[in-house]
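Remarks on the structure that follows.
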Amino acid sequence: MSPEASGHRGAASLSRRGVLRAGMAGAGALAVPGLLSACGGGGAQPVPQLSPGQDPWRRFEGTTINFISENTAPTAAIAANLKPFTDLTGINLQIVNLELSALVQRVALDMASGDARYQVIYADPYQVLAPYSAGLVDLREFIEDDTYPPLEGGLQDFIPTQLTAAGKFEQKDPVYTLPYDCPTMIWQYRADLFDKYGQRMAHELGFDPTPGLDRSWDEYLAIAKWFNDNVNEVPYGTGHQAKQHDSLMCDFSNVLWAYGGDYFEAGDKVGLLGVTDPGKCVLGSEQGIAAAAFYDELLKVAHPASRTWDWDGVGAALRAGQIAMCPNWHEFAASNEQALPGLISYAPLPHGPARAAHMYGGTGIGIAANSSGAARGAAWLFVNWATAPKTQLSNLASKAGGGTPTRTSVYEMPEVVAAEKRPSAMPNMLTADAVTVAWEENNIGLRPKIPMWNACDTSIFTGLSKMIAGQQTPEETMTSVAGRFDRIVGRGWQA
Amino acid sequence: MSSSPTTGTDADATRRPPAGPTQTRRGNRGITFTGKLLAPGVALLALLSILPFFALIAMSFSHVRLLGGVRLEWAGLNNWTRVLTDPDMWASWLRTAIFLVLTLGLEMVLGLGIALALQRIFRGRGLLLSLVLLPMFVAPVIVGLLGRYMTDSTFGLYAWVLQRLGFQGDILGSPTTAFAAVVLMDVWEWTPLITLITLAGLTSVNPSVLEAAALDGAGYWKSLRHVVLPSMSSILLVALLIRAMDAVRYYDIIFVTTNGGPADATKIIPIRLFENAFRFFDLGYAAAIGLMMLVVTILIAKAFVSVLGSKELTR
């Protein structure tokens, strides 16, 4: 090949270094504002008006919307029977079911994109609602609009604590989500073993071991030890969701609140309505340290695999006969009943020196603020339908899931009341007595609803994991976690 | 002979007239025909790698906001100060280093051992080699799931065996055993790669040198130490380089099995990076961690390449 053919143009041609330099400069110029801001969304379309005489349920017929949800029981039930919604509205609904942390990632990135690929969002109050409430629609836009089908029973039909905890953030009026599920931690135990050994246990322990609000956490510990030492049917008395995971925070919080401890000074307000600046962390208080010390003691007698279990793990262990009892979410009742029909019963968690506390893990569904046009209206029709009493009743009886109703009217339906006793066609209702007590104002446990909760959550469950692994004392753990909370909160939040 | 072959460009240059007084040597090095052919590929590479790289640098000096479209707010050295002064971050680096040394060490020893054993087997070597290589073809996330099931204290086979041997407790529940378990899962998956590379290297050992060594009275171990290993040290270094760069980015198996726990015992740098980026959405801070990882990977690669280069030069 000749020099000419090789493309050599002497001094007039672009030098390689020049090209590289220009490329780098161009890349830098493009990368920072261009590449990142390219993630912005397109223009918003108005929602089409209702035509005169048109059925409000069918005004968005033919529209396709996407619902992103955690893989929970109510969504499994809805996914298994979408026909009623499609028949009613003519809307095509696609459901994306994910593990919670994956859902949070997708939602955050979707909000950043500005395109609202997911119009309906399963908005965990702590991981989605608090950090990204500005990315959700205030649902009063639809509730107060007469051109949409009315919200059956109104907002007042939702259990009030749940509506505030799952649906609101910082302000009393805006409603960002409607309560969709309401898993709550209760005491789940092998009734057959308590029946068989109850009297002997009572005689040897010196108290009635029947699970319930009358039991204290100290008694729970004693019962667990007694099972370890005296029963062959199960290897261990108690099991816990103590993996270095969100579940460990949930499990510990029941004890923390029972001992009078809390995460922040204004614990009730921070938990119920939520705030951006929760103030000083009080985990290092005397009560917090006492709770941690007790939890450490409890984990020493628990099934050793507790340190690898999250809620699914401990649920599976109870069903597999590895443990006699555990605190876990009440919506596991349906799968418990399938595996060990009639053998597992439910009660409120034990009390501590201050009170009994039951971690609430409910979530609402909301609409992405970036959604527009027919999809925005169609998303509301789905939210309205999915949280309607009739749908919640149908979910309860679903073989695919077994929901957890969030409306008072559902709990009053005769067939639902009848299902509270065995044989039950709605096994989650077997927990009704326990959760009714758990949801009382004095007994509910609400973790802090703050935008930076994910970082705080990681800090507390990592600290606790170190404590139960024997690397830190309870005092060191709570003091160091409190310091981390203050640093995280001190950095502030801006979505 | 020059250590590097003469390129077409250099040959062309020798035929060109000498540069004028204002024309520097550097100014003559225009884009060649080859360069033009490469240009589309380089442009694509720029789009895929260089732009995100610059974006990452910009993010590391910013607070990244998500709502209403991604935007950067200048944060100065805030993210870098946090990265460099966070004791948890340095603990994760230490864990990553231990993980790197353990996995690479075990994989090299086992991979070499298996390759040497396979080399001495003549009947059924193909079948054995296929079996040995199988783990390498399993997706890391599946290896993690397999590991989780095998070590589960209620129904896991390995847990059952260890319980019979007197181990009480849960493999993934204690910091030391959990760390050992994720190391061994990586070793199980990637030792076959070292075996494969080593086997290829063994075929390149000159048989006449081995014969000469045998005639001089060298036994198997002496030949191995003084002939075989030196002959294939460059190949072993390449294997080590590939695995070292992979090990710094190790993520899948830990994510599936322990997710960094218990007590942060398996929280190596990639897990911490993911946690900050996609759990806390502290993307500026995560970008700084990512750039640190990139620097470390480049340093490791450079160290290996320079060792490799010095070995080549000494031959």
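Since every read-out is calculated from the coordinates, none of them should be taken as a lab result. Fair warning: this is a prediction, and the values are worked out from it, not measured in the lab. All Cβ positions, even for glycine, are placed from backbone atoms using ideal geometry, and neighbour counts span all protein chains on display.
Values computed for the structure shown
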quantity	calculated
Acute angle (nearest 10 degrees) that the helix A:286-301 long axis makes with the longest principal axis of chain A, alpha-carbon atoms	80 degrees
Whichever lysines have a C-alpha closer than 16 Å to that of residue A:168, once near sequence neighbours (fewer than 8 apart) are set aside	A:269, A:449
Spin-label zone in segment B:229-267 - amide nitrogen under 19 Å from a point set 7 Å from the Cα of residue B:145 along the C-beta vector	B:251-260
Dipole magnitude of chain B about its Cα centre (Cβ charges: Lys, Arg +1; Asp, Glu -1), debye to nearest 20	860 debye
Kyte-Doolittle at least -1.0, axis length at least 20 Å by Cα - qualifying DSSP helices, chain B	B:87-119, B:175-203, B:233-248, B:283-314
Global geometry of segment A:362-471, whether rounded, prolate or oblate, following the gyration tensor of its Cα atoms and the 1.5 cut on a/c	oblate
C-alpha center-to-center spacing [segment A:183-210, segment A:249-289] in angstrom	29 Å
Nearest 10 degrees, 0 to 90: helix A:217-230 Cα axis against chain A principal axis	70 degrees
For segment A:455-469, 3J(HN,Hα) per residue [Karplus equation, 6.51 cos²θ - 1.76 cosθ + 1.60, θ = phi - 60°, Hz, x = Gly/Pro]	5, 5, 4, 4, 5, 6, 6, 6, x, 5, 4, 5, 5, 6, 8
Highest-first arrangement of B:302-310, A:276-284, A:108-116, where packing means the average Cβ count within 10 Å	A:108-116, A:276-284, B:302-310
Sum of -39500 (n - 2.57) over DSSP H runs of 4+, divided by residues of chain B (222 nm, nearest 500)	-20500 deg cm²/dmol
Reciprocal mean inverse distance between Cα atoms of segment B:181-241 - Kirkwood radius, Å	12.8 Å
Computed over segment B:84-243, Kirkwood Rh from alpha-carbon pairs, angstrom	18.1 Å
Peptide A:299-306, shielding by other chains (average Cβ, 10 Å cutoff)	3
Fewest-first sequence of A:197, A:118, B:251 by Cβ atoms within 10 Å of each Cβ	B:251, A:197, A:118
Cβ-placed point charges (K, R +1; D, E -1), dipole of the protein assembly as shown about Cα centre in debye, nearest 20	4220 debye
Number of partner chain Cβ atoms within 10 Å, mean per residue of B:62-74	6
Whole-number D in µm²/s for segment A:201-346 (Stokes-Einstein; Kirkwood sum over Cα pairs; 25 °C, 0.890 mPa s)	150 µm²/s
Cα-based shape type of the protein assembly as shown, given that a ≥ b ≥ c are square roots of the gyration tensor eigenvalues and the cut on a/c is 1.5	oblate
Computed FRET value (nearest 0.05) for residue A:232 with residue A:276, which takes r as the C-beta separation and R₀ as 51 Å	0.45
Net charge of neighbours whose Cβ lies under 11 Å from the Cβ of residue A:475, counting Lys and Arg as +1 and Asp and Glu as -1	-3
Modelled FRET efficiency - R0 35 Å, residue A:144 with residue A:265, Cβ distances, 0.05 increments	0.45
Share antiparallel - DSSP beta bridges, the protein assembly as shown, percent rounded to 5	65 percent
Residue mean of other protein chain beta carbons inside 10 Å, B:169-182	3
Ranked B:71, B:120, criterion: other C-beta atoms within 10 Å, fewest first	B:120, B:71
Rg over Rh [alpha-carbon atoms, Kirkwood Rh] for segment A:272-427	1.03
Angstrom value of the Kirkwood radius, inverse mean 1/r, which spans all Cα pairs in segment A:100-204	16.8 Å
Point-to-point label distance, residue B:299-residue A:50, nm (Cα→Cβ direction, 7 Å offset)	6.6 nm
Cleavage-rule hits (trypsin sites (Lys or Arg not before Pro)) in segment A:371-446: DSSP loop, at most 15 neighbouring Cβ within 10 angstrom	A:399, A:421
Cα gyration tensor category, rounded, prolate or oblate, for chain B with a/c compared to 1.5	oblate
Packing-based exposure ordering (other Cβ within 10 Å, fewest first) of B:216, B:86	B:216, B:86
Residues with amide H under 5 Å from that of residue A:364, placed H, sequence gap 5 or more	A:123, A:180
Within chain A, helix-based [θ] at 222 nm, where runs of 4 or more DSSP H residues each add -39,500 (n - 2.57), nearest 500	-12500 deg cm²/dmol
Viscosity 1.002 mPa s, temperature 20 °C, Stokes-Einstein D of segment B:35-112 from Kirkwood C-alpha radius, µm²/s	130 µm²/s
Restraint check, A:280/B:267; A:172/A:399; B:267/B:302; A:280/A:466, Cα-Cα greater than 31 Å	A:172/A:399
Theoretical FRET efficiency, 1/(1+(r/R0)^6), r = Cβ-Cβ of residue B:128 and residue B:184, R0 22 Å, to 0.05	0.55
Contour excess over end-to-end distance, with Cα ends at residue A:58 and residue A:312 and 0.36 nm allotted per residue	87.5 nm
